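Data first, discussion second: the structure below is written as structure tokens.
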6 protein chains.
Amino acid sequence: MRLLLINPNTSAAMTASIAAAAREIAAAGTEIIARQPSFGPASIEGHFDDAFGAAGVAEQARLAAGDGVDATVIACFGDPGLDAAREVLAGPVLGIAEAAFHAAAMLATGFSVVTTMSRTCVIAERLVQRYGFERACRGIHGTDIPVLDLEAAGDALVATLEAAARRALAADRSEAIVLGCAGMAGLARTLQARLGVPVVDGVAAAVKFAEALAALGLQTPKVGDYAPPRPKPWAGWASGLVA
Amino acid sequence: MRLLLINPNTSAAMTASIAAAAREIAAAGTEIIARQPSFGPASIEGHFDDAFGAAGVAEQARLAAGDGVDATVIACFGDPGLDAAREVLAGPVLGIAEAAFHAAAMLATGFSVVTTMSRTCVIAERLVQRYGFERACRGIHGTDIPVLDLEAAGDALVATLEAAARRALAADRSEAIVLGCAGMAGLARTLQARLGVPVVDGVAAAVKFAEALAALGLQTPKVGDYAPPRPKPWAGWASGLVA
Amino acid sequence: MRLLLINPNTSAAMTASIAAAAREIAAAGTEIIARQPSFGPASIEGHFDDAFGAAGVAEQARLAAGDGVDATVIACFGDPGLDAAREVLAGPVLGIAEAAFHAAAMLATGFSVVTTMSRTCVIAERLVQRYGFERACRGIHGTDIPVLDLEAAGDALVATLEAAARRALAADRSEAIVLGCAGMAGLARTLQARLGVPVVDGVAAAVKFAEALAALGLQTPKVGDYAPPRPKPWAGWASGLVA
Amino acid sequence: MRLLLINPNTSAAMTASIAAAAREIAAAGTEIIARQPSFGPASIEGHFDDAFGAAGVAEQARLAAGDGVDATVIACFGDPGLDAAREVLAGPVLGIAEAAFHAAAMLATGFSVVTTMSRTCVIAERLVQRYGFERACRGIHGTDIPVLDLEAAGDALVATLEAAARRALAADRSEAIVLGCAGMAGLARTLQARLGVPVVDGVAAAVKFAEALAALGLQTPKVGDYAPPRPKPWAGWASGLVA
Amino acid sequence: MRLLLINPNTSAAMTASIAAAAREIAAAGTEIIARQPSFGPASIEGHFDDAFGAAGVAEQARLAAGDGVDATVIACFGDPGLDAAREVLAGPVLGIAEAAFHAAAMLATGFSVVTTMSRTCVIAERLVQRYGFERACRGIHGTDIPVLDLEAAGDALVATLEAAARRALAADRSEAIVLGCAGMAGLARTLQARLGVPVVDGVAAAVKFAEALAALGLQTPKVGDYAPPRPKPWAGWASGLVA
Amino acid sequence: MRLLLINPNTSAAMTASIAAAAREIAAAGTEIIARQPSFGPASIEGHFDDAFGAAGVAEQARLAAGDGVDATVIACFGDPGLDAAREVLAGPVLGIAEAAFHAAAMLATGFSVVTTMSRTCVIAERLVQRYGFERACRGIHGTDIPVLDLEAAGDALVATLEAAARRALAADRSEAIVLGCAGMAGLARTLQARLGVPVVDGVAAAVKFAEALAALGLQTPKVGDYAPPRPKPWAGWASGLVA
């Protein structure tokens, strides 16, 4: 199957490292096609960045719509552009926050999220509410590590995350950790080994769930709010997208 | 005071008519500055359109950030880009769905929303949940009137809306109507006279609430998730915005 | 416009100071008519006091019903008698807790309430639930300052409130403060300057929102639960009210 | 034990009939002391009536505070003055809506309320939310029977209630009925026999639960929000109450 | 009346002590018939134990179905088998967690639960959600006292519980304590005397509420989900139950 | 990998057909080991049946605990014994209702459940609440088809289900169907082809999600409420299980 992986930010280095993480966990027959928007911020650390990331995901989803993609993963923990992408793609579309929450909720009674900048906790909180994990998610914890610092995650950074996870498990009385950034994809196994509880990376979870949904023959419904966009005039740089 | 009115779609005709509606209700000392994005769809009738509308609002908010704007209104019922705009603007920023819900909840125990395409009801529903009006809002009703048809709203269209509002009031046992589209701004008084219950237009409500908040000396907080965007590299057409 | 301001307690000094605060923020054309019940406690600091305050508000609303009042504000943070007043008055009726919550929710993602006696926190909590601000309101904090001590708020009292607000902002990770007592009306600007986040006084907010709703031509609906009271025999001192 | 039964309205005929219903179900050793306010409406059918009923309950609770009352029941389905009475009385204080909801929830997975005027459904709805029966209570149904018509409930009225209950059971897929007015106290057994599902009268339920709580040695806590009212000046007719 | 008391675990000593506690509080005319399952764990301290306790309650309820039982109490704080028992018994069936939550909610605005092993807090939490006491129950606190240690509760154990209750009251700002284990039945009065707030034992509460419901002539509805089990083939040791 | 599939009822025919459905969707390297309890009802159509099904699942999970099972699926839509099984098994354990809800929520904004006996809707409703799908699940619809009739599902039965699904999609305004019984496992593709929206069978979904979680290296946490059962005396037939 062909799995489209959209990195909503414009850091090519991060696109490459997320793609590598996805390829590592993907099944033998899964081809990973990694893309990033033609515009926008190099990392998403707030609502302003997120608005551009969402439009960037919509752009890439629209551009890939005719490419025979079987499923799509949006690789930023705010799940920007998820609904927009579902309108223009036929196969399942999964956000990595969404996938990570579902995975953690299938395993543990309560989980905690450890993420990057504290100011983004609100974005994760709203996703928790939207998806219905208010009871399963017992806490969302910022570490104030900038997203781009994750590109070269050394021992100190891993230790910081481990300490934050331990504090979260104790304070929240939870039994699993969700890593709140695509840039943490490579750290899940290390942290799981150290913490002794399940540690969920959303990129890996989304890839496996996308494969599962595709194998089940399940697609995004094309009725209701995920029907194709209604035709209308478009202006400016975006008008090329819908020609 | 200077009030920035952003129409998130790219229909210049709708920008003009919303601006006219805003000027009609604005206080004597309020100057209305109407803007629309440089790109994107001519109307917002789904998630895909909405993603571009949000980025367009973010663009216009960013461009206006140094212009001495005292308050801002986002004139599309999905409140696209609301949080993004709050990060880059100092004064209060109000969405018209937000303003309309607040106004209706101050007046009546229960209200109903009458909107355009049924597929957008989900967007309004999520706003109701986000803002906390799950109990006050007793129903959201699509009429499947395309947004751009509202530009020339004739008697038949008003009659359709009136009939939908009557059905909503009866079915929901509610006592007020919220009009679910900026394009309905001019119809509130007519419908209120016919229905005999409060009919809230979000554009007018947002203008008056923005004036009220400004008079109270209240601003968007610049701590937490509405702090200014963190500096970082930007790519593509958007890089000019943050130079 | 004529704006009726009902102080639900029987402290004439507090009525005067609330009226002064209201006049300071009111628009040029707004006449403030301040009233207090003919009976009841000099401050409202619990459910027992509140029951009399509510009946007192109902009394004053009924007495003012024919006076050409355009809008009404109930100036006690428990919003006593709000629904009762809406049954007998035609214009909008706003409680100050209600108004403050709406204002804070229009500005910040999360706010905290700083109030007087801890035992009244339950009353504020129930209003938060009734109005739907469970998610926006992140904490309600008693200071155990008696209401009547606010009449002569000196430096020490302001410092106590400032310290309580700082603790609340940190503990709740919120970005705005709501002052939980009409007697704090004069302190909002001082506290806002010191705290650097929006500080909302409900009296001022209610006055401006009442003006806004009146300007919008919006009235209390006279169908459903706010229809006029059904006629019936009344007994005792109250029978004069409905004659 | 001495059980104080407060009828919040001023209809002496209704006080007598509620007292009779209470005596019929009370245990051998339970003395029923029935009271009504010295002022206020002859029935409670809306928020305005309710505000006076609550103050009337507070008045009667205060007057009875030194009388050696072991438990108290407030016999109006809106539970007016419940919290106020708890501040001034030592024994358990139960509202009849509260008691009926608890009883129905102990028996059935879902119940429906059949009440009098439709405009009072909002009052019952808020109690359902406050007490936490949002899931157990599947519907609240007005019959638009005025409260005082229940004083002489003939066959036609019983038939109307039976029909409303049948419709409610079917529409709500519920398995028990709560009668939503103290004036319906005498009709529960007849309706239960006809409907074949539990029919709960709040007056009887409150009497038996009050006896149960008293036998358990459980009292209203005198810390927190039910601590005795704080002393302060009182004005007007009510000043005698707190002397 | 005949009151069936089912201890869901297989400790005969605990069955006897619970029965003794029930007899102490029961009315003169109430006969207590105590039973325990023919199989399963000697205490219930987790989900695995609970699954067998629920089947054991179902077994005993089925065996007692023809015995003229007027009401039934399930004496384990997880309320195992409550719904199953309601399908096969005609009279009211009450769990002790259920009864304790209802009693505490009738008395205080907020209560705290003090229970045994921390790992069982999740079970109590789910009951709180199912019954609708999310707002009334402000905290559930494990003490990590094994259930069977309660059989010989000495001074040290009582002191441990008292200390846990004091911490809970302060941390939760609550005004009543619910004891979270049938094995604590004998300790409520001692703890209440020491703490000065209501302390609710579920066994006693369930007995008195069962008597109250029986006196009210209220039964488990035999429509909907509590209709008798549908006949079908049964296998293994359980097949004798339904012959 | 070795995947344990527990059918909670004692119908060997149903165990075989569920196992066949599981094998059809399982990956090449997945071995399906199908088990059923040694006791209990041949189908689960209510709370009483469910209590035995849960104990039966606990029994089979305990018996399989040392068998090198990598993941487990519980194949009854009430997810009986799910938590109990998680205490005694190391790998992921999934219920089929749980898996189906997660899958549907990853695809569509709203879904509807079509199930067997109406009396079991309450069981599904409680799972929806427990798992947090209250907003995603827009309706649960009974068809009153007995579970065992599904063993020989002919054209008429499929037509009944199709009609029920169409009514559900229209009434709930939903965009996906969840089949509410393990016995419907073979019908998903036929119904999906006819309805044109995603139709989710929980057995297939659970198998694929179990494979996904196993591939991700995620296990049930062995801290908190899923720690192994505490050792204690056991009685009767069950004592052999824990020897």
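The values are calculated or read from the model by the stated rules, or taken from the named source; none is laboratory data. A quick note: this is a predicted structure, and the numbers were derived from the prediction, not measured. Methodologically, a virtual Cβ is constructed for each residue, glycine included, from the backbone with ideal geometry; neighbour enumeration extends over all protein chains shown.
Quick one: which of A:Leu213, A:Leu218, A:Leu191 is assigned by TED's automatic domain parsing to the domain that holds A:Ile123 and among the hydrophobic types (A, V, I, L, M, F, W, C)? Quick ask: steps written out before the conclusion?
On the way: A:Leu213 fails: assigned by TED's automatic domain parsing to the domain that holds A:Ile123; A:Leu218 fails: assigned by TED's automatic domain parsing to the domain that holds A:Ile123.
None of the other options fit; the residue is A:Leu191.
Every test in (1) under 15 Å from the mean Cα position of the chain (by Cα); (2) under 30 Å from F:Arg126 (Cβ atoms) is passed by D:Ala75 save one, and that test is (2).
For the range A:72-85, the criterion of being in contact with a His (Cβ under 8 Å, 6 or more places away or on another chain) and within 24 Å of B:Pro80 (Cα to Cα) is met by at least one residue. Cβ-Cβ contacts under 7 Å between residues 6 or more apart (or on different chains), taken from a first residue in the range A:121-135 that is closer than 17 Å to B:Asp83 by Cα to a second residue that is among the basic types (Lys, Arg) and not in a loop (DSSP other than H, G, I, E, B), are listed as A:Arg126/B:Arg130; A:Arg130/B:Arg126. Taken over the range C:100-130, residues that are of a type outside the set (A, V, I, L, M) and under 14 Å from C:Ser174 (Cβ atoms) amount to 5.
The set of residues from the range D:11-36 being closer than 17 Å to D:Ile96 by Cα and not small (Gly, Ala, Ser) comprises D:Met14, D:Thr15, D:Ile18, D:Arg23, D:Glu24, D:Ile25, D:Ile32, D:Ile33, D:Arg35, D:Gln36. Is there a residue in the range E:145-159 that is within 22 Å of D:Gly224 (Cβ to Cβ), of a type outside the set (Lys, Arg), touching a helix residue (DSSP H, G or I) at 6+ places or on another chain (Cβ under 9 Å) and not assigned by TED's automatic domain parsing to the domain that holds E:Ala19? No, the range E:145-159 has no match at all.
Taking every residue in the range B:12-29 that is part of a helix (DSSP H, G or I) and pairing it with any residue that is acidic (Asp, Glu) and at pLDDT below 95, at least 6 positions away or on another chain, the pairs with Cβ-Cβ distances below 8 Å are B:Ala13/B:Glu151; B:Met14/B:Glu151; B:Ser17/B:Glu151. Answer with yes or no whether E:Arg62 is over 14 Å from the mean Cα position of the chain (by Cα) and crowded, with 24+ Cβ neighbours inside 10 Å. When the stated conditions are applied, E:Arg62 does not pass them. If E:Arg130 satisfies all but one of (1) touching a strand residue (DSSP E or B) at 6+ places or on another chain (Cβ under 9 Å); (2) facing chain D (nearest Cβ under 10 Å); (3) among the basic types (Lys, Arg), what's the number of the condition it fails? The failed condition is (1).
Within the range E:106-144, the set of residues being basic (Lys, Arg) and either assigned to a loop (DSSP other than H, G, I, E, B) or within 26 Å of D:Gly110 (Cα to Cα) (or both) comprises E:Arg126, E:Arg130, E:Arg135, E:Arg138.
Evaluate the following for D:Arg119: is it in the same structural domain as D:Ala176 (by TED's automatic domain parsing) and within 30 Å of E:Glu98 (Cα to Cα)? The answer is no for D:Arg119.
Once the range B:184-199 is narrowed to residues that are farther than 12 Å from C:Pro221 by Cα and within 21 Å of the chain's Cα centre (by Cα), the residue that is nearest to the other protein chains (Cβ to nearest Cβ) is B:Arg189. Checked against (1) assigned by TED's automatic domain parsing to the domain that holds A:Phe209; (2) of a type outside the set (A, V, I, L, M); (3) surrounded by fewer than 21 Cβ atoms within 10 Å (Cβ to Cβ), A:Glu87 passes all but a single condition, namely (3).
Within the range D:161-183, the set of residues being modelled with pLDDT of 95 or more and either under 16 Å from the mean Cα position of the chain (by Cα) or farther than 18 Å from D:Ala104 by Cβ (or both) comprises D:Ala163, D:Ile177, D:Val178, D:Leu179, D:Gly180. All but one of (1) free of Cβ contacts under 8 Å to residues at least 12 places away in the same chain; (2) within 14 Å of chain E (Cβ to nearest Cβ) hold for F:Gly66; state the number of the condition that does not hold. Only one criterion is unmet by F:Gly66, namely (2). Take the conditions (1) assigned to a helix (DSSP H, G or I); (2) touching a Leu at 6+ places or on another chain (Cβ under 7 Å); B:Thr220 misses just one of them, which is (1). Taken together, the residues in the range D:223-243 that are within 7 Å of chain C (Cβ to nearest Cβ) and either outside any helix (DSSP H, G or I) or among the polar types (S, T, N, Q) (or both) amount to 7.
Take B:Ala210 and tell me if it is in contact (Cβ under 8 Å) with a residue 40 or more places away in the chain and in a helix (DSSP H, G or I).
On the way: in contact (Cβ under 8 Å) with a residue 40 or more places away in the chain: yes; in a helix (DSSP H, G or I): yes.
Yes.
Considering only residues of the range B:202-222 that are more than 7 Å from every other protein chain (Cβ to nearest Cβ) and hydrophobic (A, V, I, L, M, F, W, C), which is surrounded by the fewest Cβ atoms within 10 Å (Cβ to Cβ)? This residue is B:Ala214. None of B:Ile96, B:Ile18, B:Ile44 is more than 8 Å from every other protein chain (Cβ to nearest Cβ) and touching a Pro at 6+ places or on another chain (Cβ under 7 Å) except B:Ile44.
Is it fair to say A:Thr109 is β-branched (Val, Ile, Thr), within 14 Å of chain B (Cβ to nearest Cβ) and buried (at least 22 other Cβ atoms within 10 Å of the Cβ)? No. From the list D:Ala235, D:Ala136, the lone residue that is within 26 Å of D:Asp50 (Cα to Cα), in the same structural domain as D:Val73 (by TED's automatic domain parsing) and crowded, with 19+ Cβ neighbours inside 10 Å is D:Ala235. Scanning the range B:21-30 for residues that are in contact with a helix residue (DSSP H, G or I) (Cβ under 7 Å, 6 or more places away or on another chain) and more than 11 Å from every other protein chain (Cβ to nearest Cβ) gives B:Ala21, B:Ala22, B:Thr30. Among the numbered conditions (1) within 14 Å of chain F (Cβ to nearest Cβ); (2) over 20 Å from E:Ala22 (Cβ atoms); (3) in contact (Cβ under 8 Å) with a residue 24 or more places away in the chain, the only one that E:Ser174 does not meet is (1). Collect the residues in the range D:131-147 that are more than 20 Å from D:Asp172 (Cβ to Cβ) and within 16 Å of the chain's Cα centre (by Cα), keeping them in residue-number order. D:Val147 - this is the single residue of the range D:131-147 that is more than 20 Å from D:Asp172 (Cβ to Cβ) and within 16 Å of the chain's Cα centre (by Cα).
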